[in-house]
Amino acid sequence: MVLWGIAGLALLIALAALASARRAARKLETLNQSYWELRYDFTRLRAQVARLDPEVQDEPAAPPPPPSTQVAFVSLSSMKKKHE
């Protein structure tokens, strides 16, 4: 009798897990569809803006300036002599 109770409880837990997984799958599908719709709308609107104002280009950000190539070596002993 106890084994039937454990089996029934396990079945209920399995059904609850299945229902939860299905809800999560539906939510994921909805989010995925929303993502692609937003991406499509964004691309379409960007094309409209480019058509209305051709000066506005989708240019990448300016690259950072190159690091300074003038690196001077200052010895610590020379700094001691100046400040003494």
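Side notes on the structure shown:
- GLU29 - accessible surface, heavy atoms, 1.4 Å probe, Å² rounded to 10: 110 Å²
- In terms of accessible area, using a 1.4 Å probe and ignoring ligands and nucleic acids, MET1, MET79 rank largest first as MET1, MET79.
- Calculated FRET value between ALA19 and THR43, using beta carbons and R₀ = 41 Å, to 0.05: 0.65
The values are calculated or read from the model by the stated rules, or taken from the named source; none is laboratory data. Since the model is a prediction, treat every value here as computed from it, not as a measurement. A quick note on method: Cβ atoms are made from the backbone with ideal geometry, for glycine too, and the neighbour counts reach across all protein chains shown. Just so you know, the surface numbers come from the protein's heavy atoms only, side chains and all, with ligands and any DNA or RNA stripped out. Shrake-Rupley method; radii C 1.70, N 1.55, O 1.52, S 1.80 Å.
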